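I have placed the structure first, in the form of structure tokens, so that the comments after it can refer back to it.
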Amino acid sequence: MRTRQLTEIRNKRLVVVVDDWPAWSSSPSGHYIEVLGDIGDKDTEAKVILIENDIPHYDFSQAVYDCLPKGGWSVDSSEEDRRVDLRDLSICSVDPLGCRDIDDALHYRVMQNGNLEVGVHIADVTHFLHEHTPMDEEAAKRSTSVYLVDRRINMLPQLLTENLCSIVANEDRYAFSIIWEFDKDTLEVKADWFGKSIIRSRAALYYGDAQKMIDNDEDTSEIAMSLKGLMRLSKHFKDVREKNGALFLASQEFKFKIDNDHVNPTDMTKYQTFEANSMIEEWMLYANAAAASKVYSTYPQWTLLRRHQQPAETAFDNLNEALDRKIGTRLSATTSLALNESLNLCVKDDDPFFNQLVRMLTTRCLKQAQYFCSSNVPFDEFAHFGLAMPIYTHFTSPIRRYADVIVHRQLAAAVGLMPVSDDHTKTELMNAIADNINYRHEQAQRAGRDSQNLFTGFFLRQYTNTGIPVESGYIVKMTDTHVFVLVPKFGQEGRIPREVLPDNGAIYGLLDKVSVQISVRSEGDVMRTKLEYMIIGSEEGGATQAVIGAKKERAPEPIEEVSTKKGSKPE
């Protein structure tokens, strides 16, 4: 790239257009069209992540803002006539700390006949988001909100995501509710109801606070008793799913503490989970499956569903060879139940992380879940392998996922609340919608992982002069040219060229535990993750053996997952 402005663009992140790449040249030629900012600046690097992952991140147009309600908002009397008023129920939400786009809430109560009633109440986004409007077209394009470590790129304008649609405490909100009556003894569904409602959440709880209420035997408040009932039933449904073969895999999530200037991470810790996370997850799964069955029973040709296909027969070959060598067992993927049972056997008494490692690598061997139109796939191929469910979709997060918006419209038509959309009867159009949602979902996941890696790199800068302490790592992948190591302490993965390892790396095998030295490589003021990795010894047998070295910068590869989550909401 030729320029007369070298001084102005030195150490800047640029957006470049490639003009030509001659066959005789090792590098393309081009010109820059935008200066994003200083290399290493937090905001600049966030822009890079969004651009590299093709994330729409511009401000909403005036045409989109014109679609929003004007002035103060309150429940309309005409809506009170059309909706069921549930404001007398003890409804609450449970979310990650600091969550502002609250799209789900629940209630539990014992009925007069002794049976149990549970309601899942989801923000009625489609009341404000009308088909074929500029706001709907923009939401369809974005398809998902994107969560980076320090910011959120909304699918919908903030007035909806954090205010009118967010189920905040002590405010009237429109909801799309599913309510079940469960037999008090068998816990089988005796009746269900799908419909639009008006709710008023009694509390917007953090997972940790909800867990304290559940664990406190002396807390007999209405909300606490509701949470305890929800927990008891959720454990039952989780046990049923596990018996049916649901997979419980693993990933690593970290949270960062930022300094007072909102610039540098001063600490990173693993994301803490509670039983309350699992409780909410189970009810969201239950509601999603119920919505899928309801819509499909009415519109079997047009339903937007989500499936997770069974892995290929050879998907676990490399991992199984390593497991056989390490602990004398192998994974069976003939069914999800067989896989889950064999995962439970993958333990090492001297290494508590080993089982989590195997579950993480199992995730990489699986196919990704995909949205699809029901007319394109035979019914016996609808199943979600990871969740062990015969039919599944997304209904519970319409604030942040466009798939849920489609399902809300389909469900409303299925229960007679509105006519079916003409767009939803066109298979070709539904296929295009599903394809775009799949693409946007995958790019959002990649952007989230890149942001985690970026902030880990920012955090590790503090060790530039003193050095990062040696940490335990695991060999998680081997190719003809590189050995890949995962350092669980930081959730970072590095690749090391085989030629710098003794015997070209032949002394190592998949799942081997090693000691790893990570060093921050400084290039001026470049703060994006530039790390060097050095294997300084094997930890097989419990002690560090043989000092060997290697180093190489690496941009961590994406981990393919059955599901990902905002906090603990299922995907």
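The values are calculated or read from the model by the stated rules, or taken from the named source; none is laboratory data. Here the structure is a predicted model, which is why all the values come from computation and not from measurement. Positions of Cβ are backbone-derived with ideal geometry, glycine not excepted, and every protein chain shown enters the neighbour counts. These area figures cover heavy atoms from the full protein model, side chains too; ligands, DNA and RNA do not enter into them. Shrake-Rupley method; radii C 1.70, N 1.55, O 1.52, S 1.80 Å.
Evaluated with a Cβ-only charge set (Lys, Arg +1; Asp, Glu -1), the chain carries a dipole of roughly 740 debye about its Cα centre, given to the nearest 20.
Annotation for the stretch 140-214: GluC sites (Glu not before Pro) lying in DSSP loop with at most 16 further Cβ atoms inside 10 Å of their Cβ are Glu171, Glu188.
In a simple Cβ point-charge model (Lys, Arg +1; Asp, Glu -1; nothing else charged), the stretch 184-283 has a dipole of about 380 debye relative to its Cα centre. Based on the Stokes-Einstein relation at 4 °C and a viscosity of 1.567 mPa s, and on the Kirkwood radius from alpha carbon pairs, the stretch 230-294 is assigned a translational diffusion coefficient of 89 µm²/s. Taking all protein chains together and a 1.4 Å probe, the residues His31, His130 rank His130, His31 from largest to smallest accessible area.
For the chain, adding -39500 (n - 2.57) for each run of n ≥ 4 DSSP H residues and dividing by the number of residues yields -9500 deg cm²/dmol at 222 nm.
Once the 1.4 Å probe is applied to the protein heavy atoms, the chain comes out at 45 Å² accessible per residue.
Relative contact order of the stretch 187-277: 27 percent, from C-alpha pairs under 8 Å at least 6 residues apart in sequence.
Computed from phi, the 3J(HN,Hα) profile of the stretch 282-299 under the Karplus parametrisation 6.51, -1.76, 1.60 (θ = phi - 60°) reads 4, 6, 5, 4, 4, 5, 4, 5, 5, 5, 4, 5, 5, 5, 5, 5, 9, 10 Hz, with x in place of Gly and Pro. Measuring with a 1.4 angstrom probe and ignoring ligands and nucleic acids, Met1 comes out at about 100 Å² accessible. Pairs over the 32 Å Cα-Cα cut-off, from the set Lys47/Lys196; Lys255/Lys426; Lys243/Lys367: Lys47/Lys196; Lys255/Lys426. Taking all protein chains together and a 1.4 Å probe, the residues Lys47, Lys489 rank Lys489, Lys47 from largest to smallest accessible area. The magnitude of the dipole of the stretch 348-470, with charges of +1 and -1 set on the Cβ of Lys/Arg and Asp/Glu and taken from the Cα centre, is near 400 debye.
Equivalent ellipsoid of the stretch 311-423: semi-axes from √(5λ) of the C-alpha gyration tensor, largest first, are 39, 15, 11 Å. Sorted from longest to shortest, the spans of the Cα atoms of the stretch 363-505 along the three principal axes equal 66, 34, 26 Å.
Relative to one another, the C-alpha centroids of the stretch 331-388 and the stretch 55-127 are positioned 33 Å apart. Which of the three applies to the stretch 431-527, rounded, prolate or oblate, going by the alpha-carbon gyration tensor with a ≥ b ≥ c and a/c under 1.5 meaning rounded? Oblate is the answer for the stretch 431-527, as a/c is 1.5 or above yet b/c matches or exceeds a/b.
Ordering Arg359, Arg4 by accessible surface, largest first, gives Arg4, Arg359; the 1.4 Å probe counts only protein heavy atoms, with every chain in place.
State the answer as a single residue: which of Ser421, Gln452, Cys365 lies farthest towards the positive end of the charge dipole of the stretch 321-480, with beta carbon charges of +1 for Lys and Arg and -1 for Asp and Glu, about the Cα centre. Toward the positive end, the furthest listed residue is Gln452. Cross-link reach is defined here as a Cα-Cα straight distance under 19 Å, omitting same-chain residues fewer than 8 places apart; for Lys326 the lysines meeting it are Lys348, Lys477, Lys513. Solvent exposure of Lys184, expressed as accessible area, is near 100 Å², computed with a probe of 1.4 Å over the protein chains only. Pairs of Cα atoms in the chain fall into 10 Å distance bins, from 0 up to the last occupied one, in shares of 3, 15, 24, 26, 19, 10, 3, 0, 0 percent.
In the neighborhood of Ala292, defined by Cβ-to-Cβ distances under 12 Å, what is the net charge if each Lys or Arg adds +1 and each Asp or Glu adds -1?
Once positives and negatives cancel, what remains is +2.
For a straight C-alpha distance cut-off of 18 angstrom, the aspartates and glutamates reachable from Lys184 (same-chain residues fewer than eight places away being disregarded) are Glu117, Asp192, Asp239. Of the solvent-accessible surface of the stretch 294-407, computed with a 1.4 Å probe and all protein chains present, 49% belongs to carbon and sulfur. Two decimals is fine: what is log10 I(q)/I(0) at q = 0.09, 0.21 Å⁻¹ for the stretch 195-325, from a Debye sum with one equal scatterer on every Cα and no solvent? Each listed q corresponds, in turn, to -0.49, -1.27.
Listed by chain and number, the aspartates and glutamates placed with their C-alpha closer than 12 angstrom to that of Lys235 are Glu275, Glu281, Glu282; residues fewer than eight positions away on the same chain are left out.
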